[in-house]
Amino acid sequence: RDEFGHPQPEIAAKFVLDLLGSLISTRLDELLLHLAETGDFDNAIEPQLIRIGRLRIASQDPALPAEERLERFDEARRELQALIDDPETNGHPLRPVWRTDLAEMLLTTYLDGFHRSAGLFVEFGVPTNAQRAAFDEAVPLAWRMMEAADTEFRDLENMLGHNQDLRDELERSLVYYRIFDEYRDQKSAWFTARSA
């Protein structure tokens, strides 16, 4: 909000995206909870992202039993997949970012964490049955997410070439640079290669 209490959506969007990413990566669950309880959100997506973030943090909490961490991971995966599949989010500028996050969850948290580097064991031909099953489940989904994200990044870039207002809003909020520099140019390339 500005000094008069009016909402500034471009600043709010950047703030929420950056804050959520930081809180998730540093596992600051209590701050995410506080944000969820006290936040003044312009849409229903931000509270969903906070919930998904909290589930992702819980899935990596060493204080929780392994079964509970896996349950939290599965919840986060289902909710993020539901957000991606929701027709209301079709064309949302952050949809390819969410797809990349889902691929990251599958390839790092699920395969590397829960299944002890299953991708490497499969690559070298010595996986356990559980590692092979996890690999066969996660990698095709991660590949489909990255394939779709690649298309959506291109579509978004083309759309921004024709929609100067949206481009200006994304650039002012710096979300543009996060979408294209961090996600498309770095994370997307990395997770596409890992899922190939």
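The values are calculated or read from the model by the stated rules, or taken from the named source; none is laboratory data. The model shown is predicted, which means the values in this text are computed figures rather than measured ones. All Cβ positions, glycine included, derive from the backbone under ideal geometry; neighbour counts span all protein chains shown. Quick note on the areas: whole protein, heavy atoms, side chains included, nothing else; ligands and nucleic acids left out. Shrake-Rupley method; radii C 1.70, N 1.55, O 1.52, S 1.80 Å.
Set side by side, the residues 152, 147, 169 differ, and just one is part of a helix (DSSP H, G or I) and modelled with pLDDT under 95, which is 169.
Results for (1) open to solvent by 20 Å² or more (accessible area, probe 1.4 Å); (2) on the phi < 0 side of the Ramachandran plot; (3) in contact with a helix residue (DSSP H, G or I) (Cβ under 8 Å, 6 or more places away or on another chain), shown as yes or no for each residue.
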residue	(1), (2), (3)
85	yes, yes, no
90	yes, yes, no
104	yes, yes, yes
107	no, yes, yes
160	no, yes, yes
184	yes, yes, yes
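Taking first residues from the range 87-108 that are within 18 Å of residue 142 (Cβ to Cβ) and partners that are hydroxyl-bearing (Ser, Thr, Tyr) and outside any loop (DSSP other than H, G, I, E, B), the Cβ contacts under 6 Å between residues at least 6 apart in sequence or on separate chains come to 95/89; 97/183; 100/183; 100/188. Of the residues making up the range 49-96, those that are among the small types (Gly, Ala, Ser) and either in contact with an Asp or Glu (Cβ under 9 Å, 6 or more places away or on another chain) or not in a helix (DSSP H, G or I) (or both) are 53, 58, 59, 63, 91.
Go through 135, 153, 121 for me and flag whichever is among the hydrophobic types (A, V, I, L, M, F, W, C), open to solvent by 40 Å² or more (accessible area, probe 1.4 Å) and in contact with a Lys or Arg (Cβ under 9 Å, 6 or more places away or on another chain).
Working: 135 fails: in contact with a Lys or Arg (Cβ under 9 Å, 6 or more places away or on another chain); 153 fails: open to solvent by 40 Å² or more (accessible area, probe 1.4 Å).
The match here is 121.
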